[in-house]
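Student: After the C-alpha coordinates below, expect a handful of questions from me.
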Amino acid sequence: MHSYQREFLRFAIDAEVLRFGRFTLKSGRISPYFFNAGGFDSGAKLGKLAHFYAQAIIAGGLQADVLFGPAYKGIPLAAATAIALAHELGRDTPFAFNRKEAKDHGEGGELVGSPLRGDVLLIDDVITAGTSIRESAALLERAGARLAGVIIALDRQERGDGERSAVQEVGNRYGIPVQSIVTLDDLIQYVAHHNATAPGTLEALQRYRDEYGCASQPPSH
Ligand SMILES: O=P(O)(O)OC[C@H]1O[C@H](OP(=O)(O)OP(=O)(O)O)[C@H](O)[C@@H]1O
Ligand SMILES: O=C(O)c1cc(=O)[nH]c(=O)[nH]1
(Lines give C-alpha, C1' and ligand atoms only; values in the text may rest on other atoms or scores of the structure.)
(Ligands and ions follow the chains in the order given, each with its own letter.)
Protein backbone atom coordinates (compact mmCIF):
# COMPACT_ATOMS: atom_id res chain seq x y z
CA MET A 1 0.00 0.00 0.00
CA HIS A 2 1.29 3.49 -0.86
CA SER A 3 1.59 6.16 1.82
CA TYR A 4 -1.15 8.27 0.15
CA GLN A 5 -3.50 5.28 0.49
CA ARG A 6 -2.74 4.92 4.23
CA GLU A 7 -3.22 8.68 4.58
CA PHE A 8 -6.56 8.42 2.76
CA LEU A 9 -7.82 5.61 5.05
CA ARG A 10 -6.83 7.58 8.16
CA PHE A 11 -8.59 10.65 6.73
CA ALA A 12 -11.79 8.67 5.93
CA ILE A 13 -11.88 6.98 9.37
CA ASP A 14 -11.20 10.26 11.23
CA ALA A 15 -13.94 12.02 9.23
CA GLU A 16 -16.30 9.07 10.07
CA VAL A 17 -16.87 8.59 6.37
CA LEU A 18 -15.64 5.04 6.84
CA ARG A 19 -17.65 3.51 9.66
CA PHE A 20 -17.86 0.08 11.20
CA GLY A 21 -21.04 -1.63 12.44
CA ARG A 22 -23.99 -3.14 10.56
CA PHE A 23 -25.18 -1.56 7.31
CA THR A 24 -27.65 -2.61 4.60
CA LEU A 25 -26.27 -1.99 1.10
CA LYS A 26 -28.07 -1.14 -2.13
CA SER A 27 -27.45 -4.79 -3.14
CA GLY A 28 -29.25 -5.96 0.05
CA ARG A 29 -26.04 -7.34 1.54
CA ILE A 30 -25.44 -6.67 5.25
CA SER A 31 -21.96 -5.16 5.58
CA PRO A 32 -19.76 -4.61 8.68
CA TYR A 33 -18.45 -1.38 7.17
CA PHE A 34 -19.78 1.49 5.14
CA PHE A 35 -18.22 4.33 3.18
CA ASN A 36 -20.46 7.40 3.22
CA ALA A 37 -18.88 10.05 1.01
CA GLY A 38 -21.57 12.47 2.27
CA GLY A 39 -19.43 12.75 5.42
CA PHE A 40 -16.83 14.80 3.54
CA ASP A 41 -18.99 17.71 4.57
CA SER A 42 -16.78 20.79 4.74
CA GLY A 43 -14.82 22.74 2.16
CA ALA A 44 -11.52 21.57 3.66
CA LYS A 45 -12.54 17.88 3.70
CA LEU A 46 -13.97 17.97 0.18
CA GLY A 47 -10.87 19.75 -1.10
CA LYS A 48 -8.60 17.16 0.50
CA LEU A 49 -10.72 14.34 -0.92
CA ALA A 50 -10.52 15.84 -4.40
CA HIS A 51 -6.74 15.94 -4.08
CA PHE A 52 -6.74 12.14 -3.45
CA TYR A 53 -8.96 11.58 -6.50
CA ALA A 54 -6.67 13.73 -8.65
CA GLN A 55 -3.66 11.73 -7.42
CA ALA A 56 -5.37 8.43 -8.26
CA ILE A 57 -6.37 9.73 -11.71
CA ILE A 58 -2.74 10.57 -12.41
CA ALA A 59 -1.48 7.27 -10.88
CA GLY A 60 -3.87 5.37 -13.18
CA GLY A 61 -2.94 7.43 -16.27
CA LEU A 62 -6.64 8.20 -16.82
CA GLN A 63 -7.51 10.74 -19.53
CA ALA A 64 -10.94 12.12 -20.41
CA ASP A 65 -12.80 14.83 -22.31
CA VAL A 66 -15.42 15.15 -19.55
CA LEU A 67 -15.75 14.09 -15.89
CA PHE A 68 -19.18 12.66 -15.00
CA GLY A 69 -20.52 12.31 -11.43
CA PRO A 70 -23.68 10.19 -11.06
CA ALA A 71 -26.37 11.50 -8.65
CA TYR A 72 -26.28 12.02 -5.88
CA LYS A 73 -22.94 11.46 -4.22
CA GLY A 74 -21.00 11.61 -7.48
CA ILE A 75 -22.05 15.24 -8.01
CA PRO A 76 -19.77 17.02 -5.51
CA LEU A 77 -17.04 14.50 -6.32
CA ALA A 78 -17.03 15.48 -10.00
CA ALA A 79 -17.18 19.21 -9.21
CA ALA A 80 -14.42 19.12 -6.56
CA THR A 81 -12.15 16.86 -8.61
CA ALA A 82 -12.53 19.12 -11.66
CA ILE A 83 -11.34 22.00 -9.46
CA ALA A 84 -8.38 19.95 -8.16
CA LEU A 85 -7.39 18.90 -11.70
CA ALA A 86 -7.50 22.51 -12.88
CA HIS A 87 -5.68 24.04 -9.90
CA GLU A 88 -3.17 21.32 -9.06
CA LEU A 89 -2.42 19.96 -12.51
CA GLY A 90 -3.44 22.69 -14.94
CA ARG A 91 -5.97 20.33 -16.59
CA ASP A 92 -9.18 22.32 -16.98
CA THR A 93 -11.56 19.37 -17.48
CA PRO A 94 -15.30 19.96 -18.14
CA PHE A 95 -17.69 18.14 -15.81
CA ALA A 96 -21.33 17.04 -15.82
CA PHE A 97 -23.82 15.16 -13.65
CA ASN A 98 -27.34 13.79 -13.85
CA ARG A 99 -30.58 14.25 -11.95
CA LYS A 100 -32.26 11.14 -10.55
CA GLU A 101 -35.63 12.62 -11.63
CA ALA A 102 -35.72 14.38 -15.02
CA LYS A 103 -36.69 18.07 -14.79
CA ASP A 104 -39.74 19.04 -16.88
CA HIS A 105 -39.44 22.83 -16.84
CA GLY A 106 -36.75 25.44 -17.49
CA GLU A 107 -33.78 23.87 -19.25
CA GLY A 108 -35.36 20.43 -18.57
CA GLY A 109 -33.86 16.98 -18.90
CA GLU A 110 -31.73 14.77 -16.68
CA LEU A 111 -28.25 16.15 -17.45
CA VAL A 112 -26.55 19.21 -15.94
CA GLY A 113 -23.22 20.82 -16.79
CA SER A 114 -20.93 20.26 -19.74
CA PRO A 115 -22.37 18.48 -22.80
CA LEU A 116 -21.43 14.80 -22.66
CA ARG A 117 -19.15 14.05 -25.59
CA GLY A 118 -16.12 11.95 -26.43
CA ASP A 119 -14.38 10.00 -23.68
CA VAL A 120 -16.02 10.33 -20.29
CA LEU A 121 -14.39 9.50 -16.96
CA LEU A 122 -17.00 8.47 -14.42
CA ILE A 123 -16.29 9.43 -10.82
CA ASP A 124 -18.10 7.87 -7.86
CA ASP A 125 -17.50 6.88 -4.25
CA VAL A 126 -17.85 3.08 -4.24
CA ILE A 127 -18.65 0.14 -6.49
CA THR A 128 -20.42 -2.75 -4.78
CA ALA A 129 -22.44 -4.78 -7.31
CA GLY A 130 -21.88 -2.39 -10.24
CA THR A 131 -25.54 -1.38 -10.75
CA SER A 132 -24.87 2.33 -10.60
CA ILE A 133 -22.04 2.13 -13.17
CA ARG A 134 -24.17 0.12 -15.61
CA GLU A 135 -26.97 2.70 -15.32
CA SER A 136 -24.49 5.53 -15.96
CA ALA A 137 -22.94 3.72 -18.96
CA ALA A 138 -26.41 3.43 -20.52
CA LEU A 139 -27.05 7.14 -19.86
CA LEU A 140 -23.74 8.11 -21.50
CA GLU A 141 -24.52 5.96 -24.52
CA ARG A 142 -27.94 7.64 -24.90
CA ALA A 143 -26.15 11.00 -24.78
CA GLY A 144 -23.71 9.91 -27.54
CA ALA A 145 -20.61 9.74 -25.33
CA ARG A 146 -18.32 6.85 -24.41
CA LEU A 147 -17.53 5.54 -20.94
CA ALA A 148 -13.71 5.59 -21.06
CA GLY A 149 -12.80 4.92 -17.43
CA VAL A 150 -14.02 4.87 -13.85
CA ILE A 151 -12.43 6.33 -10.75
CA ILE A 152 -13.77 5.50 -7.30
CA ALA A 153 -12.58 6.03 -3.73
CA LEU A 154 -13.19 2.50 -2.48
CA ASP A 155 -13.27 -0.77 -4.40
CA ARG A 156 -15.21 -3.09 -2.09
CA GLN A 157 -13.92 -6.07 -4.14
CA GLU A 158 -17.24 -7.87 -3.96
CA ARG A 159 -18.56 -10.44 -6.39
CA GLY A 160 -20.79 -9.00 -9.07
CA ASP A 161 -23.01 -11.36 -11.10
CA GLY A 162 -20.40 -14.14 -11.12
CA GLU A 163 -17.21 -14.97 -9.24
CA ARG A 164 -15.26 -11.91 -10.33
CA SER A 165 -15.50 -8.57 -8.61
CA ALA A 166 -17.98 -6.00 -9.84
CA VAL A 167 -14.98 -3.79 -10.67
CA GLN A 168 -13.41 -6.52 -12.83
CA GLU A 169 -16.77 -7.12 -14.55
CA VAL A 170 -17.19 -3.42 -15.31
CA GLY A 171 -13.61 -3.21 -16.63
CA ASN A 172 -14.07 -6.26 -18.88
CA ARG A 173 -17.57 -5.43 -20.05
CA TYR A 174 -16.67 -1.93 -21.24
CA GLY A 175 -12.97 -2.57 -21.92
CA ILE A 176 -11.98 0.32 -19.65
CA PRO A 177 -9.65 0.97 -16.71
CA VAL A 178 -11.30 1.13 -13.28
CA GLN A 179 -9.07 2.84 -10.75
CA SER A 180 -9.67 3.17 -7.01
CA ILE A 181 -7.90 5.14 -4.30
CA VAL A 182 -8.12 2.11 -1.95
CA THR A 183 -9.58 -1.42 -1.89
CA LEU A 184 -11.11 -3.64 0.81
CA ASP A 185 -7.77 -5.49 0.95
CA ASP A 186 -6.05 -2.17 1.75
CA LEU A 187 -8.63 -1.46 4.46
CA ILE A 188 -8.15 -4.91 6.03
CA GLN A 189 -4.39 -4.44 5.97
CA TYR A 190 -4.76 -0.99 7.56
CA VAL A 191 -7.10 -2.22 10.31
CA ALA A 192 -4.74 -5.14 11.04
CA HIS A 193 -1.78 -2.80 11.57
CA HIS A 194 -3.37 0.21 13.28
CA ASN A 195 -5.28 0.43 16.51
CA ALA A 196 -7.96 2.57 14.92
CA THR A 197 -11.06 0.39 15.29
CA ALA A 198 -13.06 -1.49 17.97
CA PRO A 199 -12.12 -5.09 18.86
CA GLY A 200 -13.66 -7.62 16.47
CA THR A 201 -13.66 -5.25 13.47
CA LEU A 202 -10.83 -7.01 11.66
CA GLU A 203 -12.50 -10.42 12.05
CA ALA A 204 -15.87 -9.02 10.86
CA LEU A 205 -14.22 -7.54 7.75
CA GLN A 206 -12.44 -10.81 7.01
CA ARG A 207 -15.67 -12.83 7.41
CA TYR A 208 -17.47 -10.43 5.06
CA ARG A 209 -14.68 -10.75 2.48
CA ASP A 210 -14.89 -14.56 2.77
CA GLU A 211 -18.65 -14.41 2.12
CA TYR A 212 -18.92 -11.80 -0.62
CA GLY A 213 -15.35 -11.22 -1.85
CA CYS A 214 -14.47 -11.99 -5.44
CA ALA A 215 -12.46 -15.12 -6.32
CA SER A 216 -9.17 -13.38 -7.01
CA GLN A 217 -8.67 -9.88 -5.76
CA PRO A 218 -7.25 -7.35 -8.22
CA PRO A 219 -3.80 -6.09 -7.23
CA SER A 220 -3.67 -3.16 -4.82
CA HIS A 221 -2.43 0.01 -6.56
O1 LIG B 1 -22.27 -0.76 -7.23
P2 LIG B 1 -23.65 -0.52 -6.67
O3 LIG B 1 -24.29 -1.78 -6.11
O4 LIG B 1 -24.55 0.22 -7.62
O5 LIG B 1 -23.53 0.36 -5.35
C6 LIG B 1 -22.75 1.52 -5.26
C7 LIG B 1 -23.57 2.76 -5.51
O8 LIG B 1 -24.51 2.87 -4.42
C9 LIG B 1 -24.43 4.20 -3.89
O10 LIG B 1 -25.27 5.09 -4.57
P11 LIG B 1 -26.85 5.19 -4.39
O12 LIG B 1 -27.50 4.76 -5.67
O13 LIG B 1 -27.24 4.44 -3.15
O14 LIG B 1 -27.18 6.70 -4.31
P15 LIG B 1 -26.68 8.06 -3.68
O16 LIG B 1 -25.43 8.45 -4.44
O17 LIG B 1 -27.83 8.93 -4.00
O18 LIG B 1 -26.43 7.87 -2.20
C19 LIG B 1 -23.01 4.62 -4.13
O20 LIG B 1 -22.87 6.02 -4.13
C21 LIG B 1 -22.69 4.00 -5.50
O22 LIG B 1 -23.07 4.87 -6.56
O1 LIG C 1 -23.28 -0.75 -1.75
C2 LIG C 1 -23.74 0.33 -1.29
O3 LIG C 1 -24.92 0.63 -1.33
C4 LIG C 1 -22.78 1.26 -0.65
C5 LIG C 1 -21.67 0.81 0.03
C6 LIG C 1 -20.84 1.76 0.66
O7 LIG C 1 -19.80 1.44 1.31
N8 LIG C 1 -21.18 3.08 0.55
C9 LIG C 1 -22.28 3.50 -0.14
O10 LIG C 1 -22.57 4.71 -0.22
N11 LIG C 1 -23.07 2.59 -0.73
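The values are calculated or read from the model by the stated rules, or taken from the named source; none is laboratory data. Model, not experiment: these values are computed from the prediction. When we count neighbours, we look across all protein chains shown, and the Cβ atoms used for this are built from the backbone with ideal geometry, even at glycine. Quick note on the areas: whole protein, heavy atoms, side chains included, nothing else; ligands and nucleic acids left out. Shrake-Rupley method; radii C 1.70, N 1.55, O 1.52, S 1.80 Å.
Student: Would you work out the Kirkwood radius for segment 103-221? I mean one over the mean of 1/r across all pairs of different Cα atoms, in Å.
Tutor: Values: mean 1/r = 0.0629 Å⁻¹.
Value: 15.9 Å, from the Cα pair sum.
Student: Calculate the FRET efficiency for ILE30 and VAL112 from the Cβ-Cβ distance with a Förster distance of 30 Å, rounded to the nearest 0.05.
Tutor: Values: r = 34 Å, r/R0 = 1.14.
The calculated FRET efficiency here is 0.30.
Student: Additional query: Computing the accessible area with a 1.4 Å probe over protein heavy atoms, can you report the carbon and sulfur percentage for the chain? Write out the running numbers ahead of the final one.
Tutor: Details: 5030 of 10350 Å².
Here it works out to 49 percent.
Student: Per residue, how much accessible surface does segment 1-86 expose to a 1.4 Å probe? Answer in Å², no decimals.
Tutor: Details: 3720 Å² over 86 residues.
Here the per-residue accessible area is 43 Å².
Student: May I pose another question? Between helix 184-193 and the chain, what is the angle of the helix's C-alpha long axis to the longest principal axis, kept within 0 to 90° and rounded to the nearest 10?
Tutor: On a 0 to 90 degree scale, this one is about 40.
Student: For segment 11-115, with equal point scatterers placed on the C-alpha atoms only and solvent neglected, what are the log10 I(q)/I(0) values from the Debye formula at q = 0.19, 0.22 1/Å, to two decimals?
Tutor: Results for segment 11-115 at q = 0.19, 0.22 Å⁻¹ read -1.05, -1.17.
Student: Something else now. What does the accessible area per residue of segment 107-221 come to in Å², with a 1.4 Å probe and no ligands, DNA or RNA counted? Working shown, then result.
Tutor: Numbers: 5060 Å² over 115 residues.
Result: 44 Å² per residue.
Student: Quick one: Karplus J couplings for segment 151-156, per residue in order, coefficients 6.51, -1.76, 1.60, θ = phi - 60°, nearest Hz, x for Gly and Pro?
Tutor: Per residue, the Karplus-derived 3J(HN,Hα) values read 10, 10, 7, 10, 8, 6 Hz.
Student: Once the dipole of the chain is set up with Lys and Arg at +1 and Asp and Glu at -1 on Cβ about the Cα centre, which of ALA56, VAL120, ILE13 lies farthest towards its positive end?
Tutor: Of the options given, the answer is ILE13.
Student: So for the chain, averaging the separation of alpha carbon pairs under 8 Å that are six or more residues apart and normalising by length, what relative contact order in percent results? Mind showing how you got there, number by number?
Tutor: Numbers: 387 pairs, mean separation 40.1, N = 221.
Answer for the chain is 18 percent.
Student: To the nearest 20 debye, what charge dipole does the chain have about its Cα centre, counting +1 at the Cβ of each Lys and Arg and -1 at the Cβ of each Asp and Glu? Provide the component values of the computation, followed by the final result.
Tutor: On the way: 23 positive and 26 negative charges, 33 e Å.
It comes to approximately 160 debye.
Student: Can you give me the pair-distance distribution of the chain, C-alpha pairs, 10 Å bins, whole percents?
Tutor: Pairs per bin, as whole percents: 8, 35, 37, 17, 3, 0.
Student: Oh, and also: Compute the acute angle (0 to 90°) between the alpha-carbon long axis of helix 43-59 and the principal axis of greatest extent of the alpha-carbon atoms of the chain; round to the nearest 10°.
Tutor: That works out to roughly 90 degrees.
Student: Right, next: Tell me the label-point distance for the pair GLU211, ASN195, using the 7 Å Cα-to-Cβ offset, in nm and rounded to one decimal.
Tutor: The two pseudo-label positions are separated by 3.0 nm.
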